[in-house]
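Values in this text are rule-based calculations from the coordinates and carry no lab data. Treat the numbers as computed from the prediction; the structure is a model and nothing was measured. Don't worry about glycine lacking a Cβ; one is built from the backbone with ideal geometry, like all the others, and counts go over all protein chains shown.
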């Protein structure tokens, strides 16, 4: 007996393998510094925890609507109105079991077996594997710092083929931290719509942008595109597994059918906690944390450059540095494993995020406090000697 044939197209998620090994070393007594996994070190803000505890005392543990709690969908709708001055009706919003659950639903909704979505290489690896699970393909388009690590209109035109269904973007992007502005989104949207394609945007790091980079949403561009978002990153709810998607009204019923069958509903207590995410106190806490990420980035990027890492583009969002290895260093996977085993610093090889120049790239998270980052830089320097 064998696994389904589609599994041959699904590669291991290398960062999770590294995390597992790092945890083994920590359990054995080693002082491991985790710069591999995309998880904020800040705790879930207290207003959300208090809301969850209150919800448990009220018995909020039953099934909810497959679309998600209406009160939470209204809170998300209000967020779009307050933050971006756009109207997004609750009938277009679906609360999901994390952004991953949302992406699975959107791919099941929009992409047929044998079709493909154009995606940036490097990019979040699970996206192409979500597509493979439905018999579709993530068609990886090489991008570089010259392109802001994003798909360009010219690249979309060149890589589009008869089986292309549309594009899947990410802004802010993992692993590069690049951010697309509204003008670039509009131009790319027009290219895709001219080809009658679907336009999907992963906005799960929305809110985590720095300097003069404005926080924006692709929903300001048009109503007939698709957005996935999450309570994990900015809101600090990674383990709660809660996200949301926004769809065109014409697709609401079909998406509801999928959600009913694949997930029943999102976690009731996580939804109740998330009701507090948009409160003034919670937003104040999360802005404080965002400023903390900016300070960490401002320490780590120049420190890595001093060690010889190639960072042509400062990350404008998320909490990662995507950088080229010094010339003297072996390939990225070998270096990452050696760094973990000898210096107990966990980082992620570029090969987790695609193929283009991936064996010479690494992703380093700055979702740790500056004291840990300082120690990590010392250890990385030793590993380079």
Report summary line: In segment 350-364, anything in contact with a helix residue (DSSP H, G or I) (Cβ under 6 Å, 6 or more places away or on another chain) and surrounded by fewer than 24 Cβ atoms within 10 Å (Cβ to Cβ) is listed as 351, 358, 359
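The rows are residues; the columns are (1) crowded, with 19+ Cβ neighbours inside 10 Å; (2) within 21 Å of residue 268 (Cβ to Cβ); (3) in contact (Cβ under 8 Å) with a residue 12 or more places away in the chain.
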site: 48; (1), (2), (3): yes, yes, yes
site: 62; (1), (2), (3): no, yes, yes
site: 83; (1), (2), (3): no, no, yes
site: 86; (1), (2), (3): no, no, yes
site: 90; (1), (2), (3): no, yes, yes
site: 96; (1), (2), (3): yes, yes, yes
site: 104; (1), (2), (3): yes, yes, yes
site: 107; (1), (2), (3): yes, no, yes
Report summary line: Being in a loop (DSSP other than H, G, I, E, B) and loosely packed, with under 13 Cβ neighbours inside 10 Å narrows 20, 3 down to just 3
Query raised in the report: Would it be correct to say that residue 72 is more than 30 Å from residue 313 (Cα to Cα) and touching a strand residue (DSSP E or B) at 6+ places or on another chain (Cβ under 9 Å)?
Result: yes
Query raised in the report: What is the residue count in segment 214-244 for residues that are farther than 12 Å from residue 270 by Cβ and surrounded by fewer than 18 Cβ atoms within 10 Å (Cβ to Cβ)?
Result: 6
